Each structure stands twice: as structure tokens, then as C-alpha cells.
1. Mind listing just one residue for me: the one in the stretch 43-61 that is open to solvent by 50 Å² or more (accessible area, probe 1.4 Å) and either touching an Asp or Glu at 6+ places or on another chain (Cβ under 9 Å) or of a type outside the set (A, V, I, L, M) (or both) and, of those, nearest to Leu118 (Cα to Cα)?
2. Scanning the stretch 199-208 for residues that are more than 19 Å from Gln6 (Cβ to Cβ) and open to solvent by 40 Å² or more (accessible area, probe 1.4 Å), which turns out nearest to the chain's Cα centre (by Cα)?
3. Considering Leu152, Leu211, Leu138, which residue is at pLDDT 95 or above, buried (at least 19 other Cβ atoms within 10 Å of the Cβ) and under 17 Å from the mean Cα position of the chain (by Cα)?
4. I need the full set of residues from the stretch 165-187 which are in contact (Cβ under 8 Å) with a residue 40 or more places away in the chain and either surrounded by fewer than 18 Cβ atoms within 10 Å (Cβ to Cβ) or not in a strand (DSSP E or B) (or both), in order please.
5. Which condition number does Glu196 fail, the rest of (1) open to solvent by less than 60 Å² (accessible area, probe 1.4 Å); (2) within 15 Å of Gly15 (Cβ to Cβ); (3) without any contact (Cβ under 8 Å) to a residue 60 or more places away in the chain being met?
6. What number goes with the only condition from (1) open to solvent by less than 40 Å² (accessible area, probe 1.4 Å); (2) in contact (Cβ under 8 Å) with a residue 40 or more places away in the chain; (3) assigned to a loop (DSSP other than H, G, I, E, B) that Phe112 does not pass?
7. Among the numbered conditions (1) part of a loop (DSSP other than H, G, I, E, B); (2) touching a residue at least 24 places away in the same chain (Cβ under 8 Å); (3) among the aliphatic types (A, V, I, L, M), tell me where Leu147 comes up short.
8. Which numbered condition in (1) in a strand (DSSP E or B); (2) in contact (Cβ under 8 Å) with a residue 40 or more places away in the chain; (3) touching a helix residue (DSSP H, G or I) at 6+ places or on another chain (Cβ under 9 Å) is the only one that Ile51 fails?
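The values are calculated or read from the model by the stated rules, or taken from the named source; none is laboratory data. Note that the structure is predicted; figures quoted are calculated from it, not measured. Using ideal geometry, Cβ is built from the backbone for each residue, glycine included, and neighbour counts are taken over all protein chains shown. Areas reflect the complete protein model, heavy atoms only, side chains present, ligands, DNA and RNA absent. Shrake-Rupley method; radii C 1.70, N 1.55, O 1.52, S 1.80 Å.
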Amino acid sequence: MNVAIQQPEHIPWVGFFNKMAQCDLFVYLDNVQFKKRYFENRNKIQDNEKIIWLTVPVVSKGLYTQKICDVALDNSQTWTKKYKGRLEHAYGKHPFWGDLKSIIYPALDKSFNKLVDLNLILINNICSYLGISTTTTLASEISCGNLKGSDLILEICNKSKAVVYISGPDGRNYLESEKFIKNGIDIIYHDFEHTEYPQRGEPFTSHLSVLDLIANCGEKSLEFINACPK
């Protein structure tokens, strides 16, 4: 069982889906602290060769230690109209705008109270379009006590019967690899190198939301995701 564990980011980048496509089980790490101005409630897209952020407003004032699974959307703001407008301005004239719209708009038109629910349906819609069928689960639904850091990841791996843990490169900085070895789990680091795909404008801009790839390449997007060096 190859297992990967990562925060449920908002409209994630290509590398997120490259990792997901390589594992048998993908665990959304939703029981760790929410980071402001990170990727849980926003991501980057390209608009006329300018990089802009698509951001979902959340309730965070005074809630410095809330977990991702507890973060509420700030629905006091009428944010979906602005969000759709920025998305259409960026990609409305791209060849696969219709596909992109069919992936994103149905989720935006639903009523969600929590950020994680919105993020998950968007990721699921993207996966369905790309043809990625990896099994997923939530870390918050796995009993891990109050463990943190390397011990939390190890416990999730143990509960998931992992034989291989596919870690992001930052895992080298905190994972206690000897504990994984003792538990019969090999660690593979996902040293992702972004390949180029047909994109409007030059030079090529990497590390954008996967929406940029889909807008430009449509149903061929998975070929570029799988072609990325692992």
C-alpha cells in the first residue's frame, strides 16, 4: 500500500495531482493547523501573463490555532461572483474554458459552511475530469490522539497499513525515518520537477493551480501530469 498525506489545498498545483496519481491511498491532512496566506484557501492562476491569486475568504480572526477541518467560510462576503469573474477574465478565451467552467462552477454554486468541504469537492471534480481514481480519506477520521509532526504521519501510515509513504521533499527536515523503518515503512520523497505544457505567453510559468493546465490542454492534461519527472 503506497500512501501519500497532504493538506487539502484549494485548487492545487500540478504536483499535487502527480503525487496523488502515484499512490493507492491519499490522506487529506485536515487535522493540522490552518496556515493563513498559504494554499489552503487560495492559489495562483495566470491572467494575461500576470500572476494573480484566487482566494476564498475564511473566518480566521482570533482563531490562531484552528485546524483546517474547522475553518469556516466567510459567507458574509459575496465572494463567489468576484471569484468567477477573475477566473473567467483569466481563462474565458482559452481553448478549454468550457471544461474548466464545468469543473469549478457547480462547486461554487453549492452552499458550504466549511472550507475543507469546498476544497474537497473541487479536488474531486478535478480528479474526475483528469481520470485520477485514487482512494482518498480524511486524517480527521483516523484516530491519532494528539500526535504531531513525524509521529502523526507515522500513525496515519500505520493505521492505513502503508508499506511505502510518499512524502513531499520537506519531509527530509522533520520525518524520523528510523521510526518508519522499524514499522516496516519505506519513505519515498516526491522530488517533483515541473514539466512545461502549452501555455499562453512566454516564458512558461510553473507552479500555478492545475486549472491553468486544464484551461490550456483540456483532457490531455493528465498526459502532462504523468509526464512530469517523479
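1. Thr55
2. In this case the residue turns out to be Phe204.
3. Going through Leu152, Leu211, Leu138 in turn, the sole match is Leu211.
4. Gly168 - this is the single residue of the stretch 165-187 that is in contact (Cβ under 8 Å) with a residue 40 or more places away in the chain and either surrounded by fewer than 18 Cβ atoms within 10 Å (Cβ to Cβ) or not in a strand (DSSP E or B) (or both).
5. Result: Glu196 fails condition (1) only.
6. (2)
7. Unmet for Leu147, out of (1) part of a loop (DSSP other than H, G, I, E, B); (2) touching a residue at least 24 places away in the same chain (Cβ under 8 Å); (3) among the aliphatic types (A, V, I, L, M): (2).
8. (3)
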